1. Going by how many other beta carbons lie within 10 Å of each one, how would you line up E177, E121, E128, fewest first?
2. Obtain the nm distance between the two label points defined at H74 and E110 by a simple spin-label model: each point lies 7 Å from its Cα along the Cα-to-C-beta direction.
3. What is the order of E110, E209, fewest Cβ neighbours within 10 Å to most?
4. Suppose the chain between E128 and N44 were pulled fully straight at 0.36 nm per residue; how much longer would it get relative to their current alpha carbon spacing?
5. Once you have the Cα-Cα distance between A208 and A183, take 0.36 nm times their residue separation minus that, and quote the gain in nm to one decimal.
Amino acid sequence: MQEPTLGFAHFIAQADGVAHFLLALLLLMSVATWYLIASKAWGNWRMRRRARDFLRQFWDAPDMNAVAGHLRQHGIGDPFSHLAHHGLRAAGQYQNKTGKRLIEAGNADEFLTRALRRAIEQDTARLEYGHTVLASVASSAPFVGLFGTVWGIYHALLAIGMSGQGTLDKVAGPVGEALIMTALGLAVAIPAVLAYNAFGRANRMILAELDGFAHDLFTYMSTGNREEPESRRPPGKVAVLAEARAAAGGA
């Protein structure tokens, strides 16, 4: 009688319920990882393209009314336009404040600062979507595979002990099959680790650029000077805030 060929198919056929559960868990982790890799890579590419277009339109715009018009026409599709939208809306809300709510406390600069900070916090949470899943898969998949290997070796040794055949060829085959689970765990974890690091670096770069843009936006809306945060043109502050409030009415 011909002995069955060892390999992945034989391992699956001989695996028990625990091994099948671990395989299904690793498959679920892999599907989630590659879904997040594909969706976040596509989303980040679109976001960066829209961010470049918006920033070009923003700095080429003659005033905040033109920026508000661009936002109404094209919508909010990136963190930079989202930040500008919050700044314009904050200017409009400050103009119409009643002074009866705690959120309305402070002067115009403090009101604008809080609005921009809330927008950055929302964008940060949005950019970090899926990172917890990637980190969890990267850290747990090797241990799931290792547990499957230990479980497989345990059953292989029990079967060998019951058969009474302890030769090398009888031991090496089942033990080698059990190591498949460790390999699968590493195959699931490695893409998750690389994706987590890549997306984390991309997010840090975007947030650094967003922080710089928030500073420029605050400077322009509070002083009327696009170039430097120094108040070189004090009269511009009133004019730009009035302009931003007027633009916020339609944003």
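Readers should treat all values here as calculations from the given coordinates under stated rules, not as data from a laboratory. Everything numeric in this text was worked out from a predicted model, so none of it was measured. Virtual Cβ from ideal backbone geometry, glycine too; neighbours counted across all protein chains shown.
1. E121, E128, E177
2. So the two model labels end up 3.5 nm from each other.
3. E110, E209
4. Once the chain is fully extended between E128 and N44, it gains 29.1 nm.
5. Going from the current span to full extension adds 5.2 nm.
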